[in-house]
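First up is the structure itself, then whatever we jot down about it.
The values are calculated or read from the model by the stated rules, or taken from the named source; none is laboratory data. As the structure is a computational prediction, the values presented were derived from the model and not from experiment. Glycine gets a Cβ as well: all are built from the backbone with ideal geometry, and neighbour counts include every protein chain shown. Side chains are part of the model used for accessible areas, which takes the heavy atoms of the whole protein and leaves out ligands, DNA and RNA. Shrake-Rupley method; radii C 1.70, N 1.55, O 1.52, S 1.80 Å.
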Amino acid sequence: SDRPVVPGAPLDGVRAALRHDPALSVAEALHAWTAAGAAVLGDDEAGRLEVGRRSDLVILSRDPTAVPLAAWARGDDGIGVVATIVGGRLVAGRLEGLA
C-alpha cells in the first residue's frame, strides 16, 4: 500500500494508483492489491480465488472492471464494499439479496 500517502482502505489505494498512473488498467491495479501483494509478502496461499487457497475477500457493489478509468481516478466510481468474508466467515456486511 501507499500508506500513509493514502488511507489504508484498498479501494482508496486502487483509486490513487489509477489517478497517478494513467497507463494502469483497473485489472492491473486490483492485481497489485491482491495477487501481487500476496506474492511480495511471500504468501502463496492468498491473493487469488482458487480451490485450496485461503480466500479472504470482499463483495463489491458493482463490477470494478466495468467502471471507466476516469471515474476511478476522480473517485466517483460508486463502488462500495457490500460484505467482507475472512477465513470463510462473514465479518461485515450482509449477503442476503445478492444474486
Legend entry - Interchain or long-range residues, amide H under 5 Å from residue 82's placed H: 59, 60, 61
Inset, instruction - Let me know the charge dipole size of the chain about its Cα centre in debye, to the nearest 20, where only the beta-carbon of Lys, Arg (+1) and Asp, Glu (-1) is charged. - result: 200 debye
Inset, instruction - Give me the number: length gained by fully extending residue 9 to residue 41, i.e. 0.36 nm times residue separation minus the C-alpha to C-alpha distance, one decimal in nm. - result: 9.7 nm
Inset, instruction - Can you find, among 11, 24, 34, the residue farthest towards the positive end of the dipole of the chain? Put +1 on the C-beta of Lys and Arg, -1 on that of Asp and Glu. - result: 11
Inset, instruction - When a/c is below 1.5 the answer is rounded, else prolate if a/b is larger than b/c, else oblate, so apply that to the chain with a ≥ b ≥ c taken from the square roots of the Cα gyration tensor eigenvalues. - result: oblate
Inset, instruction - Run the quick spin-label model on residue 67 and residue 90: label points 7 Å from Cα toward the beta carbon, then report their separation in nm to one decimal. - result: 2.3 nm
Inset, instruction - Please give the net charge around residue 29, taking every other residue with its beta carbon less than 9 angstrom from that of residue 29, where Lys and Arg add +1 and Asp and Glu add -1. - result: -1
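What part of the accessible area of the chain, given as a whole %, is carbon or sulfur when the probe is 1.4 angstrom?
The nonpolar share, carbon plus sulfur, comes to 57 percent.
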Inset, instruction - Estimate the FRET efficiency between residue 76 and residue 49 by the formula 1/(1 + (r/R0)^6), using the beta-carbon distance for r and 35 Å for R0, to the nearest 0.05. - result: 0.80
Inset, instruction - Enter the accessible area per residue of the chain (Å², integer; probe 1.4 Å; all protein chains in place). - result: 66 Å²
Legend entry - Using θ = phi - 60° and Karplus 6.51 cos²θ - 1.76 cosθ + 1.60, couplings along the range 10-20 (whole Hz; Gly, Pro as x): x, 4, 5, x, 4, 4, 5, 4, 5, 6, 8
